[in-house]
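S.K.: Take this structure, written in structure tokens, and hold onto it; I'll ask about it next.
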Amino acid sequence: MSEHRPGFEPLRIAVLTVSDTRSEDTDRSGQALVERLTAAGHVLAEKRILPDDVYVIRAQVATWIAAPDVQVVLTTGGTGFTGRDSTPEAVDVLLDKRIEGFGELFRHLSWQEIGSSTIQSRCLGGLANATVVFCLPGSTGACRTAWDGILREQLDGSHKPCNYANLVIPERGTHG
């Protein structure tokens, strides 16, 4: 299992599903993230489902960013272009630094699966208060694509030449 690799340290990850209609029984995207992060050896810090409301989303993500026991926040949902999609607007103002390449890399990977529809994804990544935050689309396939193609490696302190895990592990505080 992942936790036996030299340099790997389990991270405490919070998962937020943004949806006006999903419940714990129907939240396949949030569950896919939980399954993948725990299979990789990480710890689920908390999981919530909240409505697509910019202030409710912002308050929850801000709470997790301020919590010393949360190192990563993953959101799923609210990144499209419909009237209620507001996750990027809720989260962007909380970030100290944006991970500019995250959205581009996600759309590149997603292009191979859904073609030009990937252009409608406004996924976002950034760092705030030594917490890394990734906002993913609401589809289960998109969550799998993001985890398998980007997050699994970037949240693993043994991944070289650099990763985000080493930025959120207090005693490391470096890329390497």
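S.K.: With a 1.4 Å probe and every protein chain kept in, tell me what percent of the accessible surface of segment 1-153 is carbon plus sulfur.
M.R.: In segment 1-153, the share of accessible area belonging to carbon and sulfur is 53 percent.
S.K.: Further question: What do you reckon, how do PHE134, PHE81 stack up by accessible area (1.4 Å probe), largest on top?
M.R.: Ranked list, largest accessible area first: PHE81, PHE134.
S.K.: So if we plug the beta-carbon distance of ASP148 and GLU171 into 1/(1 + (r/R0)^6) with R0 = 30 Å, what FRET efficiency do we get, rounded to 0.05?
M.R.: With a Förster radius of 30 Å, E is 0.60.
S.K.: So, one more: How big is the accessible area of CYS135 in square angstrom, nearest 10, if you roll a 1.4 angstrom probe over the protein chains?
M.R.: The accessible area comes out at roughly 0 Å².
S.K.: I would also like to ask the following. Sorted by accessible area (1.4 Å probe), largest first, how do LEU37, LEU127 line up?
M.R.: Accessible-area ranking of LEU37, LEU127, largest first: LEU127, LEU37.
S.K.: Taking the Cα centre of segment 2-84 as the origin, how large is its charge dipole in debye, to the nearest 20, when only Lys and Arg (+1) and Asp and Glu (-1) carry charge on their Cβ atoms?
M.R.: The dipole of segment 2-84 has a size of about 160 debye.
S.K.: Using Cα pairs closer than 8 Å and at least 6 residues apart in sequence, work out the relative contact order for the chain, in percent.
M.R.: Relative contact order for the chain comes out at 24 percent.
S.K.: Please find, in a Gaussian network model of the chain (springs between Cα atoms separated by less than 10 Å), the residue of VAL43, VAL73, VAL133 whose mean-square fluctuation is greatest.
M.R.: Comparing VAL43, VAL73, VAL133 in the GNM, the peak value goes to VAL43.
S.K.: While we're here: Which longest uninterrupted range of the chain lacks any GluC sites (Glu not before Pro) assigned by DSSP to a loop state (not H, G, I, E or B) and surrounded by at most 15 other Cβ atoms within 10 Å?
M.R.: Working: sites that count: GLU24, GLU171.
Here the longest run is 25-170.
S.K.: How much length is gained if the chain between GLU89 and ALA66 is pulled fully straight, taking 0.36 nm per residue apart and subtracting their Cα-Cα distance, in nm to one decimal?
M.R.: Length difference between fully extended and current span is 6.4 nm.
S.K.: In Å², and per residue, what accessible area does the chain have when probed at 1.4 Å with the other protein chains present?
M.R.: Heavy-atom accessible area per residue stands at 47 Å².
S.K.: May I pose another question? Quickly estimate the mean residue ellipticity at 222 nm for the chain, helices only: each DSSP H run with n ≥ 4 gives -39500 (n - 2.57), and the total goes over all residues, rounded to 500. Provide the component values of the computation, followed by the final result.
M.R.: Details: 6 runs with 57 residues, N = 176.
Rounded to the nearest 500, it is -9500 deg cm²/dmol.
S.K.: Hey, another quick one. Count charges around ILE49 for me, please; just the other residues with Cβ under 14 Å from its Cβ, Lys/Arg as +1, Asp/Glu as -1. Intermediate values should be presented prior to the final figure.
M.R.: Numbers: positive: ARG22, ARG28, LYS47, ARG48; negative: ASP20, GLU24, ASP25, ASP27, GLU46, ASP52, ASP53.
Neighbourhood net charge equals -3.
S.K.: So how exposed is SER23, as accessible area in Å² (1.4 Å probe, rounded to 10)?
M.R.: For SER23, solvent-accessible area is about 50 Å².
S.K.: Choose one of CYS143, PRO88, LEU167: the residue whose Cα lies farthest towards the positive end of the charge dipole of the chain (beta-carbon charges +1 Lys, Arg; -1 Asp, Glu; about the Cα centre).
M.R.: Checked the options; the winner is LEU167.
S.K.: For ALA39 and GLU113, what does the FRET efficiency come to when R0 = 30 Å and r is the distance between their Cβ atoms, rounded to the nearest 0.05?
M.R.: Efficiency at R0 = 30 Å is approximately 0.90.
The values are calculated or read from the model by the stated rules, or taken from the named source; none is laboratory data. Because the structure is predicted, anything quoted here is derived from the model rather than measured. Note that we place each Cβ from the backbone using ideal geometry, even for glycine, and neighbour counts take in every protein chain shown. With ligands, DNA and RNA removed, areas are computed over all heavy atoms of the protein, side chains included. Shrake-Rupley method; radii C 1.70, N 1.55, O 1.52, S 1.80 Å.
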